[in-house]
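The values are calculated or read from the model by the stated rules, or taken from the named source; none is laboratory data. Worth saying up front: this structure is predicted, and the values here are computed from it rather than measured. Heads up, the Cβs are rebuilt from the backbone with ideal geometry, glycines too, and the neighbour counts pull from every protein chain shown.
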Amino acid sequence: MTKDELVGVYRQLGADTVRADGTMVEDEPRNSQIMYSADGYMSVVSTPVERPRMADTRPNTNLDAMTPTERAEAALGIVCYAGRYAFKDADTLLHHVEIALNPNLIGQAVVRRAQLVGADLTLSSVPDREGAYRRIRWRRVGAA
C-alpha cells in the first residue's frame, strides 16, 4: 500500500478481537472515523454508540460547563488522537501521537498492520503476549 492509496476519510464498519486459537469476539458497535492526509497527518475519533446526553444541552465543543461526573461519563470509552503517520513497511503503519484525550499516549507510536482492498481498510494491532489482536474494519467515505 502507498500513501496515495491510503489518503482519505474512513468510517468504522466493525471491530473484533482475534484470539490466538483463531476464534473471534465481536466488539460493541462504535461511531468512529479515521483520516489520513496527503501531507502525512492522521486523526481518529471513536465513541460508543448511543451515548447518553448530558444535562447541559448547549452544543459546546468542550466539556467545561459539565460537572466533573458528567465530564467523566462523557469521556468514557472515547478514543481520540492525532499526529503524523508513516509507513514502517508496505503493510505496517506507525501513528506518531502528538495530541490525545489520554495524555499518556502523547509521544508514543501506535503500530497498526494495514490492509487496503478497494475502499475497505483493515487496521490490526500487534498481537499481545497471548497472541490475540484487535482488528478494526473501515470503509472509505463516499465509497459504495
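Starting from the range 72-92, take each residue that is in contact (Cβ under 8 Å) with a residue 60 or more places away in the chain and list its partners that are part of a strand (DSSP E or B) and not aromatic (Phe, Trp, Tyr), counting only C-beta distances under 8 angstrom and pairs at least six apart or across chains.
Listed pairs, sorted by first residue: Phe87/Leu93; Phe87/Leu94; Asp91/Arg113; Asp91/Ala114; Asp91/Gln115.
Restricting to the range 44-89, count the residues that are at pLDDT 85 or above and among the polar types (S, T, N, Q).
3
Any idea which residue in the range 92-144 is surrounded by the most Cβ atoms within 10 Å (Cβ to Cβ), counting only those that are in a loop (DSSP other than H, G, I, E, B) and polar (S, T, N, Q)?
Here the residue is Ser125.
Collect the residues in the range 57-91 that are in a loop (DSSP other than H, G, I, E, B) and under 21 Å from Ala114 (Cα atoms), keeping them in residue-number order.
Passing the criteria: Ala90, Asp91.
Give the residue, chosen from Met42, Met35, Met54, that is assigned to a loop (DSSP other than H, G, I, E, B) and surrounded by 13 or more Cβ atoms within 10 Å (Cβ to Cβ).
Just a single option satisfies the conditions, and that option is Met54.
Among residues belonging to the range 9-32 that are surrounded by 13 or more Cβ atoms within 10 Å (Cβ to Cβ) and of a type in the set (A, V, I, L, M, F, W, C), point out the one that is farthest from Val79 (Cα to Cα).
Val18
Restricting to the range 1-21, what's the tally of residues that are acidic (Asp, Glu) and within 17 Å of Tyr133 (Cβ to Cβ)?
2
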